[in-house]
Amino acid sequence: MKKSTYIRLVNGSTQPDISLDEVHSLLDLYVARMKKTGEQLDWDYASAAFPYEPTVREENGISYLTLISTDPELYHGFWLGVGKEDDNTPFIQIVLPSSATHGDVGKANEYAKFLAKELKGQLSLFNQSVLHNELKK
């Protein structure tokens, strides 16, 4: 069974809308920060923190980002997409397939929290908990 988590751009978010390219750029920012941490630790932390290869795919006219594991023993992968709710609220959706590992769940939660913090968005986690990042950074 697939599970989803959402980051919604609400009043007070850093931007009014989001594109798939912007999500990809934010993930690149995450990797850059982890690489910097790794340099300080003299360890390839970026590979451990982001063990996926991102690829943009399209299906039925809908583009999404696929994160495919570079370490198939620990991770499988998952998808990220963007959209708008009925009330026109923009969101990022992270979808875990039924084949996701515990590692994928942990990484998806970690990336969702990062995206929500960067965008000051409202985060609805896989377990239905809702977190809202305050306007301070």
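Read the figures in this text as sums done on the coordinates, not as results from a lab. Since we're looking at a predicted model, the values are computed, not measured. Because the Cβ atoms are built from the backbone with ideal geometry, glycine has one as well, and the counts that use them run over all protein chains shown.
Where in the range 82-110 does the amide nitrogen come within less than 20 Å of the point 7 Å from the Cα of Asp71, taken along Cα to Cβ?
What the label zone holds, given the 20 Å backbone N cut-off, is 96-97, 99-110.
Enumerate the amide H contacts of Gln15 below 5 Å, restricted to partners 5 or more residues apart or on another chain; note that Pro and chain-start residues carry no placed amide H.
none
On full extension of the chain, what length is gained from Glu22 through Phe126, given 0.36 nm per residue of separation minus the C-alpha to C-alpha distance? Could the numbers behind the result be given before it?
Values: separation 104, 0.36 × 104 = 37.44 nm, distance 2.24 nm.
Extra length available between Glu22 and Phe126 comes to 35.2 nm.
Among the listed pairs Lys3/Lys117; Lys2/Lys113; Lys36/Lys84; Lys3/Lys84; Lys2/Lys35, which are separated by more than 28 Å between their Cα atoms?
Lys36/Lys84; Lys2/Lys35
At a 10 angstrom cut-off on C-beta neighbours, averaged per residue, how do the peptides 65-75, 11-21 rank from highest to lowest? Provide the component values of the computation, followed by the final result.
Details: 65-75: 15.5, 11-21: 13.8.
Highest-to-lowest ranking by the protection proxy: 65-75, 11-21.
Hey, rough spin-label estimate for Glu110 and Trp43, points 7 angstrom out along Cα→Cβ, what's it come to in nanometres?
Computed distance between label sites Glu110 and Trp43 equals 1.1 nm.
Show me the ranking of peptides 108-114, 122-128 by mean Cβ neighbours inside 10 Å, starting with the highest.
On the way: 108-114: 19.0, 122-128: 15.4.
Descending mean neighbour count gives 108-114, 122-128.
If the chain between Asn60 and Ser4 were fully stretched, how many nm would it gain, using 0.36 nm times the residue separation less the Cα-Cα distance? Could the numbers behind the result be given before it?
Numbers: separation 56, 0.36 × 56 = 20.16 nm, distance 1.95 nm.
Additional length available on full extension: 18.2 nm.
Rg(Cα) of the range 1-52 divided by 2.2 N^0.38 Å?
Cα-based Rg divided by the globular estimate yields 1.47.
Quick one: Karplus J couplings for the range 45-62, per residue in order, coefficients 6.51, -1.76, 1.60, θ = phi - 60°, nearest Hz, x for Gly and Pro?
5, 4, 5, 6, 6, 9, x, 9, 10, x, 9, 7, 10, 9, 9, 6, x, 10
About the Cα centre of the chain, what is the dipole size in debye to 20, counting +1 per Lys and Arg Cβ and -1 per Asp and Glu Cβ, all else neutral?
460 debye
With the dipole of the range 4-56 worked out from charges on the C-beta (+1 for Lys and Arg, -1 for Asp and Glu) around the Cα centre, which of Leu27, Gln15, Ala48 lies farthest toward the positive end?
Going by the charge dipole, the pick is Gln15.
Report, by chain and number, residues whose modeled amide H sits under 5 Å from the one on Leu131, excluding near sequence neighbours (fewer than 5 apart, same chain).
For Leu131, whose amide H was placed from the backbone, the distant partners under 5 Å are Leu123, Ser124, Leu125.
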